[in-house]
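Comments concern the structure below.
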Amino acid sequence: MSQTYSAEFKQQVVQEAQDTHNATLVARRHQISPSMVRRLVRETVKARHQDNSPMTLGDENERLKKLLGERDLEIAMLQDLLRKKGIRP
C-alpha cells in the first residue's frame, strides 16, 4: 500500500534528518521507514540541484558522511539485537 505525504510533512522530516544526521531516529519519531527518510532527503537535495550544476565536493562529502554514519548506526543496532538474542555476530 502506497502512502502519500503532505509537502509540509516531507519538509519537516527532511529538516529533522538534516539537523540530526540520523534517519533512523527521525523515522521512529514519524513512524515511517528509515529508507523513506533517506529517499525524501535525497529527492530534496536533487531538487535543489536541479539546475544541472553538480554538487560541490564538500556537499557530496557531507552527504556521504551522513550515509556512512547512518549505516554504522544501523549495523551497531543489528549487532546489539543479535547479541541480545544470543546469536553471535
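The values are calculated or read from the model by the stated rules, or taken from the named source; none is laboratory data. Just so it is clear, the structure is predicted and the values come from calculations on it, not from any experiment. Note that each Cβ is placed from the backbone with ideal geometry, even for glycine, and that neighbours are counted across all protein chains shown.
Before moving on, here are some points about what is shown:
- Residue match in the range 46-59 (condition: surrounded by 10 or more Cβ atoms within 10 Å (Cβ to Cβ), of a type in the set (A, V, I, L, M) and modelled with pLDDT of 90 or more): no
- Any hit, the range 24-33, residues being loosely packed, with under 11 Cβ neighbours inside 10 Å and of a type outside the set (Phe, Trp, Tyr): yes
- Residue that is modelled with the highest pLDDT, among those in the range 1-45 that are farther than 21 Å from Arg71 by Cα and not in a helix (DSSP H, G or I): Ser6
- Of the listed requirements (1) on the phi < 0 side of the Ramachandran plot; (2) surrounded by 12 or more Cβ atoms within 10 Å (Cβ to Cβ), His21 misses just one: (1).
- Scope the range 5-36; condition touching a Ser or Thr at 6+ places or on another chain (Cβ under 9 Å) and charged (D, E, K, R); matching residues: Lys10
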